[in-house]
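Visitor: This structure is in structure tokens; I'll ask about it shortly.
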Amino acid sequence: MSGDAAERARETVEAVYRTESRRVLATLIRLLGDFDLAEEALHDAFRAALEQWPRDGLPANPRAWLVSTGRFKAIDGIRRRARIEPLDHVPEPADTTADHDFLEDGEGVEDDRLRLIFTCCHPALAPDARVALTLREVCGLTTEEIARAFLTALPALAQRIVRAKAKIRDARIPYQVPSQAELPDRLDSVLRVIYLVFNEGYSASSGASLTRHDLSGEAIRLARLLAELLPEPEAVGLLALMLLQESRRAARASPTGDLILLEDQDRTLWNREQIGEGLALVERALSSRRFGPYSLQAAIAALHAEPPDAAATDWAQIVTLYDVLLRVEPSPVVELNRAVAVAMRDGPSAGLTLIDAILARGDLSEYHLAHSARADLCRRLGKTTQARDAYRRALALARQEPEQRFLERRLAELKN
Amino acid sequence: MKYICLGYIDQKKWEDVSESERNALMDECFAYDDVLRDNGHFAGGEALQSARDAVTLRYGNGKVSVTDGPYAETKEQLGGILVLEARDLNHAIQLMSKHPGVRVGPFEIRPAADLTAIVAESSERRRSANEGE
């Protein structure tokens, strides 16, 4: 075969790998009942594609071809190994249904990717194991990429994934989409994983290594897939929230990596496409009338994203949304954010009273943002000494460099 | 597949509850145990007396020492064991989530370890050792 044709064939296989490999893997896991076996089968299938497609042409249904080929090679491998090893050491393929059955989508058969997402995010797995496994199996990141992205040592990360797969096997966590009754809690677990991945990418300092994977982008892609396969309001709400937060990425930090507050950001740098999509998704999520925490946070984010400038922000509406959020998911951090909004609506004094009440209870005493919020309100009220003390407290607790520099600047401003 | 369910109790909370409330909860627990039995999920179980009545054996310095039970002031103590037969972990979670006992303290659900192969190997070693004598 000519060099050109071979190159084109390779490109085709690569393109199919990019669009279909995750889906093929998800189906192979169901058919073979084992993650590692399925991964091996996936690679064998694509190797076979590289050999055969240039010769026989692209199959009409590449995904079906790959699943069928992978499954065949895996079962063949199992049978060969069974002749060498005792039978009880060799896993039996989970599913022996006829070939044409296992790929039907949308006739009551759920997308295997949904099964995969829910299994990787099973509450029986440790939270950091869920994150690592999801990024590896659902998103297709390599173990190295995940380790680098989370600044974790490679062996530790690899071991985490091995342990998670072993637990799925040994505790017999089934490869299923949860029933309707279990769905709310199980979906919450998935959304937490996705949002955690997003936040890891969102707050990463701009000076971070160039090889750190774009986690925020990955989280958004994952949320898109989830919302497409399972259009639950909270899944839609989380996607909206992340798009709206991501839309401000270019405006969040100065060229030297300094923090720029929302009210001071250059709104021409905001990504209008992401905002447009986010706003539409917020409306969709809220139209369900089921006001979950992610949808509510997205609605608040929408109220920040819509106005042409900070002064036009509808703080009264924001406070109302925080009232609902507090009922749905009461937490001191939500209370704090509400207090900041109340300060914008009713003046710094009102906000300060609320924050003091939270701290007096003993909540958030180690949370740097509580003290920096308090400091800001004291500063606006002219209570310079109190502001200084609060900024110092915040500075002692802040862990990220840009935040520390920001607080130091505020302190310096107070001295003048 | 077998799962061992370890039921913990917050001893202090349990003692603060009135006798009639305790009886009511026990009735619910035993009734649910019957439901599990009727559906073939109950493969055994045992309630435990208070941790205060326990004794601990520990090996050290070449011998076994005997002391009183676990630190009884620990909030949660093991109160009972249930051997559950379920299809898979999700099924076990479904069955035990509905057990009234979960309201008194957490359940730990662990897959039973199948030691068949290990026991067989050990028997083989002991048999060879005996034959060697």
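The numbers here are math on the coordinates, done by the rules we state, and not lab data. The structure displayed is predicted, hence computed values, not measured ones. Glycine also receives a Cβ, built like all others from the backbone with ideal geometry; neighbour counts cover every protein chain displayed.
Visitor: Can you give the mean number of other chain Cβ atoms that lie within 10 Å of the Cβ atoms in peptide A:118-131?
Guide: Values: counts 1, 0, 0, 0, 3, 1, 5, 0, 0, 0, 0, 0, 0, 0.
Mean shielding count: 1.
Visitor: Sticking with this structure for a sec: Given the peptides B:41-48, A:221-228, arrange them by the average over their residues of other C-beta atoms within 10 Å, most packed first. Numbers along the way, then the final one.
Guide: On the way: B:41-48: 14.6, A:221-228: 19.9.
Peptide ranking by packing, descending: A:221-228, B:41-48.
Visitor: Among B:Ile109, A:Ile275, A:Val162, pick out the residue whose Cα is farthest towards the positive end of the charge dipole of the protein assembly as shown, where Lys and Arg carry +1 and Asp and Glu carry -1 on C-beta, about the Cα centre.
Guide: Projecting each Cα onto the dipole axis, the largest value belongs to A:Ile275.
Visitor: Too long at a 31 Å Cα-Cα cut-off: which of A:Lys165/B:Lys63; A:Lys165/B:Lys98; B:Lys2/B:Lys63; B:Lys13/B:Lys98; A:Lys73/A:Lys165; A:Lys73/B:Lys98? Before the final figure, lay out the partial values.
Guide: Numbers: A:Lys165/B:Lys63 40 Å; A:Lys165/B:Lys98 28 Å; B:Lys2/B:Lys63 35 Å; B:Lys13/B:Lys98 21 Å; A:Lys73/A:Lys165 22 Å; A:Lys73/B:Lys98 43 Å.
A:Lys165/B:Lys63; B:Lys2/B:Lys63; A:Lys73/B:Lys98, as the Cα separations exceed 31 Å there.
Visitor: If you don't mind, another one. Calculate how steeply helix A:368-380 sits against the longest principal axis of the alpha-carbon atoms of chain A, using the helix alpha-carbon long axis, and give the answer as 0 to 90 degrees to the nearest 10.
Guide: Once rounded, the angle reads 30 degrees.
Visitor: If you count, for every residue in B:80-89, the Cβ atoms of partner chains within 10 Å of its Cβ, what is the mean?
Guide: Numbers: counts 0, 0, 0, 0, 0, 0, 1, 2, 6, 9.
Rounded to a whole number, the mean comes out at 2.
Visitor: Using a simple spin-label model with points 7 Å from Cα along the Cα→Cβ vector, what separation in nm is obtained for A:Leu50 and A:Val328?
Guide: Once both label points are built, they end up 4.8 nm from each other.
Visitor: Treat the count of other C-beta atoms within 10 Å as a stand-in for reagent exposure and order B:Glu131, A:Glu306 from fewest to most.
Guide: B:Glu131, A:Glu306
Visitor: Per residue of A:273-280, how many C-beta atoms from partner chains lie within 10 Å of its own C-beta, taken as a mean?
Guide: Values: counts 0, 0, 0, 0, 0, 0, 0, 0.
Across A:273-280, the average partner-chain Cβ count within 10 Å equals 0.
Visitor: Running a GNM on chain A with Cα contacts under 10 Å, which residue among A:Arg23, A:Arg169, A:Arg327 ends up with the highest mean-square fluctuation?
Guide: A:Arg327
Visitor: Could you please rank A:Thr143, B:Thr56, placing first whichever residue has the fewest other Cβ atoms within 10 Å of its Cβ? Could the numbers behind the result be given before it?
Guide: Values: A:Thr143 17, B:Thr56 10.
By the 10 Å Cβ count, ascending, the order reads B:Thr56, A:Thr143.
Visitor: How big is the dipole moment of segment A:3-91 about its Cα centre under a simple scheme where the beta carbon of each Lys and Arg is +1, that of each Asp and Glu is -1, and everything else is neutral? Debye, nearest 20, please. If you can, show how the numbers build up before the last one.
Guide: Values: 15 positive and 15 negative charges, 50 e Å.
Dipole magnitude for segment A:3-91 comes out near 240 debye.
Visitor: Moving on to the next point. What number, rounded to the nearest 500 deg cm²/dmol, is the helix-based mean residue ellipticity at 222 nm of chain B, given -39500 (n - 2.57) per DSSP H run of at least four residues and division by all its residues? Intermediate values should be presented prior to the final figure.
Guide: Values: 4 runs with 52 residues, N = 133.
Counting only the DSSP helices, I get -12500 deg cm²/dmol.
Visitor: Angle, helix A:35-56 long axis vs. longest principal axis of chain A, Cα atoms, 0 to 90°, nearest 10?
Guide: Helix A:35-56 sits at roughly 60 degrees to that axis.
Visitor: Let me ask you something else. Explain nothing, just the number: dipole magnitude of chain B about its Cα centre with +1 on each Lys and Arg Cβ and -1 on each Asp and Glu Cβ, in debye rounded to the nearest 20.
Guide: Working: 16 positive and 23 negative charges, 82 e Å.
Here chain B has a charge dipole of around 400 debye.
Visitor: Could you calculate the contour length gain from A:Ala153 to A:Asp266, that is, 0.36 nm times the residue separation minus the distance between their Cα atoms, to one decimal place in nm?
Guide: Fully extending the segment from A:Ala153 to A:Asp266 adds 36.9 nm.
Visitor: For each of B:Ser128, A:Ser295, count neighbouring Cβ atoms within 10 Å of the residue's Cβ, then give the residues from fewest to most.
Guide: Details: B:Ser128 9, A:Ser295 27.
Going from sparsest to densest Cβ surroundings: B:Ser128, A:Ser295.
Visitor: Name the most mobile residue of A:Val24, A:Val67, A:Val16, meaning the one with the largest mean-square fluctuation, in a Gaussian network model of chain A with Cα contacts below 10 Å.
Guide: So, out of A:Val24, A:Val67, A:Val16, the one fluctuating most is A:Val16.
Visitor: Sticking with this structure for a sec: May I ask for the distance between the Cα centers of segment B:13-47 and segment A:338-416, given as a whole number of Å?
Guide: If we compute the Cα centre of each part, the gap is 52 Å.
Visitor: Now, a different point. Given the rule -39500 (n - 2.57) for each run of at least 4 DSSP H residues, summed and divided by the residues of chain A, what is its mean residue ellipticity at 222 nm, to the nearest 500 deg cm²/dmol? Walk me through the numbers before you get to the answer.
Guide: Working: 19 runs with 285 residues, N = 416.
That calculation yields -22500 deg cm²/dmol at 222 nm.
Visitor: Under 8 Å for C-alpha pairs, at least 6 residues apart: give me the relative contact order for chain B, rounded to a whole percent. Before the final figure, lay out the partial values.
Guide: Values: 166 pairs, mean separation 57.8, N = 133.
After rounding, I find 43 percent.
Visitor: How far is helix A:332-346 tilted off the main Cα axis of chain A, in degrees rounded to 10, range 0 to 90?
Guide: Here the helix axis deviates by roughly 50 degrees.
Visitor: Shifting gears a bit: Filter the trypsin sites (Lys or Arg not before Pro) in segment A:271-319 down to the DSSP loop ones having no more than 11 other Cβ atoms within 10 Å, then list what survives.
Guide: Details: sites: A:Arg272, A:Arg284, A:Arg289, A:Arg290; in loops: A:Arg289, A:Arg290.
Listed in order of number, the matching sites are A:Arg289.
Visitor: For chain A, with a Gaussian network of springs between Cα atoms less than 10 Å apart, report the residue from A:Leu241, A:Leu42, A:Leu261 with the top mean-square fluctuation.
Guide: Evaluated over chain A, the most mobile residue of the options is A:Leu261.
Visitor: Less than 16 Å apart at the alpha-carbon level, and either on another chain or at least 8 residues along: which lysines does that give for A:Lys415?
Guide: Reachable lysines: A:Lys383.
Visitor: If you put +1 on each Lys and Arg Cβ and -1 on each Asp and Glu Cβ, how big is the dipole of segment A:134-176 around its Cα centre, in Debye rounded to 20?
Guide: Numbers: 8 positive and 4 negative charges, 45 e Å.
That gives a dipole near 220 debye.
Visitor: List the residues, sorted by chain then number, that are 5 or more residues from B:Gly80 or on another chain and whose placed amide H is less than 5 Å from its amide H.
Guide: B:Gly7, B:Leu48
Visitor: Something else about it: With point charges of +1 on the Cβ of Lys and Arg and -1 on the Cβ of Asp and Glu, referenced to the Cα centre of chain B, which listed residue (B:Gly62, B:Tyr3, B:Met96) lies farthest in the positive direction of the dipole?
Guide: B:Gly62
Visitor: I need the phi-derived Karplus couplings for segment A:225-232: 6.51 cos²θ - 1.76 cosθ + 1.60, θ = phi - 60°, integer Hz, Gly and Pro marked x.
Guide: 4, 4, 5, 6, 7, 9, x, 6
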